[in-house]
Amino acid sequence: MAARIDLTLDSTDAPVLAAFWKTALGYIDEPPPAPFATREEWLAQLDPPEDDVADDGAWLCDPAGVGPNLSILNVPEPKTAKNRLHIDIRVPGHGSPEERWARITAEVQRLVQAGGSVLEDVDGHHVVMADPEGNEFCVAATSP
């Protein structure tokens, strides 16, 4: 049986980064684990340090239950280097190369409006972007 993975992003402002990734992926806030009614209740039972609060993180999930969960956790240190692992956002890729590229560029523009930035256009194949905190990701088409 294959293992299920979740992804975690370090952050300096989890609510801002969560808003971006909810827009980018169509994700929603993940409900707190049962039997807890809120993230605050869940966090309290872990007996965290006094300065550890639920606002220091965000927990997102794919509403269809297909994609990995995404945790965004505030950390004190800034990002200092290129990601060793990154997310690829895939747009539907059927049609001519021009049609695929048009869908990619439309998605890139949507993500720029949400707070992302373009880092590199790679030969009309995919676009390297960064989220509001500089985490790299790519926008590309699914395989034809």
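Below are the figures for this structure:
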{"quantity": "Estimated 222 nm signal from helices in the chain, with DSSP H stretches of n ≥ 4 weighted -39500 (n - 2.57), rounded to 500", "calculated": "-8000 deg cm²/dmol"}
{"quantity": "Percent antiparallel among DSSP beta bridges (both partners in the chain, rounded to 5)", "calculated": "60"}
{"quantity": "Rel. contact order, % - alpha carbon contacts under 8 angstrom, at least six apart, region 87-141", "calculated": "40"}
{"quantity": "C-alpha long axis of helix 14-25 to longest principal axis of the chain, angle in °", "calculated": "40"}
{"quantity": "Neighbourhood charge, 12 Å Cβ-Cβ cut-off, centred on residue 100 and excluding it, Lys, Arg +1 and Asp, Glu -1", "calculated": "-1"}
{"quantity": "In degrees, nearest ten, helix 97-113 long axis to first principal axis of the chain (Cα)", "calculated": "40"}
{"quantity": "Long-range amide H partners of residue 79 with built H, under 5 Å", "calculated": "none"}
{"quantity": "R0 of 25 Å, Cβ-Cβ distance residue 143-residue 86: FRET efficiency to nearest 0.05", "calculated": "0.85"}
{"quantity": "Amide hydrogen neighbours beyond the local backbone of residue 89, cut-off 5 Å, H modeled", "calculated": "138, 139, 140"}
{"quantity": "Gap separating the Cα centres of region 76-144 and region 29-43, nearest whole Å", "calculated": "32"}
{"quantity": "Listed residues 59, 101, 21, most fluctuating in the chain (Gaussian network, C-alpha, under 10 Å)", "calculated": "101"}
{"quantity": "Among 81, 18, 58: highest mean-square fluctuation, GNM of the chain, C-alpha pairs under 10 Å", "calculated": "81"}
{"quantity": "Shape parameters for the chain, alpha-carbon atoms, Rg then Dmax in Å", "calculated": "17.0, 56"}
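Read-outs: derived from the displayed coordinates by stated rules, not from any lab. Fair warning: this is a prediction, and the values are worked out from it, not measured in the lab. Note: ideal-geometry Cβ built from the backbone for every residue, glycine included; neighbour counts use all protein chains shown.
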